[in-house]
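Right, one structure below, let's go through it.
Any read-out appearing in this document is the output of simple, stated calculations on the displayed coordinates, not a laboratory observation. Just so we're clear, the structure is a prediction, and the values are computed from it rather than from any experiment. Ideal geometry is used to build each Cβ from the backbone, glycine not excepted, and the neighbour counts take in all protein chains shown.
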Amino acid sequence: MAFYFVQFLTGLASAASLFLVASGLSIIFGVTRIVNFAHGAFYMLGAYVAFTLTERFSGALGFWGGIVVAALIVAIIGVLVEMVLLRRIYHAPELFQLLATFGLTLMVQDIVVMIWGPDDLLGRRAPGFKGAVDFFGQNIPSYDLFLIALSPIVLGILWLLFQRTRWGVLVRAATQDRDMVAALGVNQKWLFTSVFALGVFLAALGGALQIPRDAVHHALDLRIIVEVFVVVVIGGLGSIIGAFVAAVLVSELNAFGILIFPKISIILVFLVMAVVLIVRPWGLFGKPEAAARRTPGLTVTPWRPLTSGERLMSLGALVLAAMMPLFAGNYALTVGSEIAIFVIFAASLHFLMSVGGLASFGHAAYFGLGAYGVAFLAKAAGLPMIASLLLGPVLGLLGAAVFGFFAVQLSGVYFAMLTLAFAQIVWSIAFQWVEVTGGDNGILGVWPERWAASPANFYWLSLGITALVVTVLRVMVFSPFGFALRATRDSPLRSEAIGINGKRVQWTAFVISGTVAGIGGALFAYLKGSVFPDSVGISLSVDALVMVLLGGVETVSGAVIGAIVFKAANIWLVSQTDLSKLVLGGFIVLMVVAFPKGIVGTLETIRNRRRSAEAKKSALVTSRIEAAE
Amino acid sequence: MKLQVADLNSFYGPAHILFDIALEVGEGEVVALLGRNGAGKSTTFRSIVGLVESRSGRIVFEGKDVSREPTHAIVRGGLGYVPEERRIFTDLTVEENLEVGRQPKRPNAPHWTREKLFTLFPNLGEMRNRPGGRMSGGEQQMLTIARTLMGNPSLVLLDEPSEGLSPKIVEQMVDAILAMKKEGVSIVVSEQNLHFARLISDRAYIIERGKICFGGTMAELDARPDIRDAHLSL
């Protein structure tokens, strides 16, 4: 009994940091409507800066002062980020905000390694809280008791701040209607900046307070952000009480889950989250959001099928690509196969994200499931290659069917957070369930059979499947199903009013997209001859997003071009620099701010401008639109 | 002259909404902006306070061109705005709603305090701690006006204050507006309801399809039934 009680207290202590970070995320989202993906990075920075300060300055004052000063320093960094980057993208579509803050996270990962090195750092114990308290023979670190007391205190301070100060009243008002707050004479800019500073301060404090408990390392950011996303989805984004309750809930589930399923404790959290989503999709303490105002697109060019000339051109490009083995060497052909596979992957995400309006931040899950599917079938069941290739993606399909069912209950940022959390769950299983997946060692020896073994043959196989998949997806965009999907994307209410079952359509799109990603993953397993948890990882999910963004989110063929350019550049870049995350992150941020239409989108804009200039010459069209309020 | 608007053009995306709007408001005057649904009344107000991003023209408030200033700066300068949709902060109590609107005292405008506003709108004084979301439409309308007055404006743009209110509440609204006028607040009030406008206004403009097509005193408007019938649905 005493053991379970101590386990319970450990859970409560872990909840402290989680609550601090989650409440910061919630406060920022409430006012700015930005889900700050970089929140984990600020948490991690808090831990690193606190580590340095507490090492440098001795004594109790050095420790506690160091913790607070670290949080303040990181909050100032946050303010700079808000003023330089976020102010430029407050009006951008939410996908771009998510991507920009994600790019920031990637950059911070490389920066902390540059400053503090790649090794784990062990922080100092907290002065005055070094011992342990004995509880019926079980030890409880006294620092844990301090953390347990801390979260209700922080909750109380935040409550007073929001209920009893003018600043708090303004923040609550802005959470509801920020334009109206401006129309009453309040300068939103500084309100946003101060809110962001508070949110980042809380995150950094959460990180700084962890150093006596946990080693500081450069993967802290993703670990915490996934848990925080789970917390805010359960508790309700924008609610501080919700963040508190859900942080305790998730921490306790983790603490006890580890006793029940030691290898895959995250399953328990997932089950609870699934139940909450079914009963209250907006979280325990959240409020149902009014149907989000659609951010008007960046372009207003309607989609159209290819003209016959363009079809011939595409066919020509395909024939040209198919002739590559005539002159290219083996390495180039392997790179070519990889690019083809990533075209499939990017096209699958594009279908979900651009056609369906559902930006998945965890699309690698289905790619990876396809890869693992092939590995299981080929290695464990010993199926021939054709059968494995056909059946392997079924694992991706099943994963997409299960996760997609929950994910499409939500939309916008909630959808993004949930898909990321799901992908991380798949990754944890691949990483932790060593008996089945081989864990970090992966599954080796998944080689293609003789007929497909030569680089040229495998390249033709990949290219053929890619051409087929891209064509089918494209046909689907202009099929009745594609129209229904786009209708649901553009106006959920109106499409429902004409009899479209939006959730069903989106779920179907999710399953199609996941299956196609699985096909890419299946080919990838044979290309590499092995499968590792990396194929499910977050960085692969982000690569897919960048490919679609680079090509142009609002175009039909952007994913193909984006994947080719990105993958080629990426393979080259990795061979050139060790700081690939810093470069990639910086590239994402730059692209969001300066180049949001992507390659194909920009080309289309130039072509349309030229066309409309010609049209103006031939006929002066005067269109007067009825005055509307 | 309190407010002078000239050559005001506004756009929503590619759509041209307002065409060369010109209007003037004198010190302490109540001016009505009349027009049908969709004529451009709200857009005119939103353009004046800078809530419409794409606009051009001159907006001179108390001798200073404010057309390039952001919304909050215009409002802080003493130009209050009461939106048509009320936009009460439903999670905030009556007192908290008023707090959001509070601005420092201004030398050239009447100074409003919570207590003074509660005598002007007695209903509000009885529900100081009630959340805005649990108030009736009329009470919310009173609260939006009171909230804007907390900024001590010298001019208020009132967007359709009588819309959707019961006759009894409309009467209270007339009294409140006349009381504001007596304190010395200049007011522009947009209306579809000519009777209501006549009770409070000194002058009127008529807007139709984004253009001002009449401007004059109430008496002049009454002398031109043809204009009235062509542009206002009675």
Item checked: Rounded FRET efficiency, nearest 0.05, which uses the C-beta distance separating A:T602 from A:A387 and R0 of 30 Å -> 0.10
Margin query: Take the residue pairs B:K116/B:K211; A:K287/A:K503; A:K189/A:K581 and return only those whose Cα atoms are more than 29 Å apart.
Written below: B:K116/B:K211; A:K189/A:K581
Notebook entry, point to check: Taking springs between alpha-carbon atoms closer than 10 angstrom, which of B:A39, B:A197, B:A219 fluctuates most in the Gaussian network model of chain B?
Noted result: B:A219
Next item on the list: Please list, or write none, the aspartates and glutamates whose alpha carbon is within less than 18 Å of the alpha carbon of A:K130, excluding same-chain residues fewer than 8 places away.
Entry: A:E55, A:D144, A:D214
Check: List the aspartates and glutamates whose alpha-carbon lies under 16 Å from that of A:K379, not counting same-chain residues fewer than 8 positions away?
Finding: A:E435, A:E449
Next item on the list: Answer rounded, prolate or oblate for the protein assembly as shown, using the Cα gyration tensor with square roots of eigenvalues a ≥ b ≥ c: rounded when a/c is under 1.5, else prolate when a/b is larger than b/c, else oblate.
Entry: oblate
Next item on the list: Count, for each residue of A:188-195, the Cβ atoms from other chains sitting within 10 Å of its Cβ, then give me the mean as a whole number.
Entry: 1
Notebook entry, point to check: Non-local amide H neighbours of B:I17 (under 5 Å, H modeled in plane, Pro and chain starts lacking H): which ones?
Noted result: B:S10, B:F11, B:Y12
Item checked: 0 to 90° range, to nearest 10: angle between helix B:137-149 axis and chain B longest Cα axis -> 90 degrees
Notebook entry, point to check: So for region B:3-231, what are the equivalent ellipsoid semi-axes in whole Å, largest first, each being the square root of 5 times an eigenvalue of the Cα gyration tensor?
Noted result: 27, 20, 17
Margin query: What translational diffusion coefficient, to the nearest whole µm²/s, does region A:340-610 have by Stokes-Einstein, given a Kirkwood radius computed over alpha-carbon pairs, a temperature of 10 °C and 1.306 mPa s viscosity?
Written below: 84 µm²/s
Note to self: Applying a 10 Å radius around every beta-carbon, put A:170-181, A:419-430 in order of their mean neighbour count, most first.
What the structure shows: A:419-430, A:170-181
Checklist line | Kirkwood hydrodynamic radius (C-alpha pairs) into Stokes-Einstein, region A:437-585, 10 °C and 1.306 mPa s, D in µm²/s | finding: 89 µm²/s
Check: How well do other chains shield peptide B:87-93, expressed as the mean number of their Cβ atoms within 10 Å of each residue Cβ?
Finding: 5
Item checked: Given charges at beta-carbon only (K, R positive; D, E negative), |dipole| of region A:475-553 in Debye -> 220 debye
Item checked: Rounded if a/c under 1.5, otherwise prolate or oblate - region B:1-132, Cα gyration tensor axes -> prolate
Next item on the list: Compute the long axis of helix A:412-432 from its Cα atoms, compare it with the longest principal axis of the Cα atoms of chain A, and write down the angle in degrees, 0 to 90, nearest 10.
Entry: 80 degrees
Checklist line | Gyration tensor (alpha-carbon) shape descriptor, region A:1-124, a/c threshold 1.5 | finding: oblate
Next item on the list: Using per-residue counts of other Cβ atoms within 10 Å, averaged over each peptide, order B:93-105, A:312-324, B:74-86, A:146-158 from highest down.
Entry: B:74-86, B:93-105, A:146-158, A:312-324
Checklist line | Proximal aspartates and glutamates relative to B:K105, as straight alpha-carbon distance under 18 Å, when same-chain residues fewer than 8 apart are discounted | finding: B:E62, B:E115, B:E183
Item checked: Theoretical ellipticity at 222 nm over chain A - DSSP helices of four or more residues, -39500 (n - 2.57) apiece, nearest 500 -> -23500 deg cm²/dmol
Note to self: Output wanted: per-residue J couplings in Hz (rounded whole) for region A:20-27, from phi through Karplus 6.51 cos²θ - 1.76 cosθ + 1.60, θ = phi - 60°, x for Gly and Pro.
What the structure shows: 4, 5, 5, 5, x, 4, 5, 5
Checklist line | Under Karplus coefficients 6.51, -1.76 and 1.60, residue-wise ³J(HN,Hα) of region B:109-114 in Hz, glycine/proline x | finding: 9, x, 9, 10, 10, 4
Note to self: Counting only other chains, and only Cβ atoms inside 10 Å, what mean value do you get across the residues of B:142-150?
What the structure shows: 1
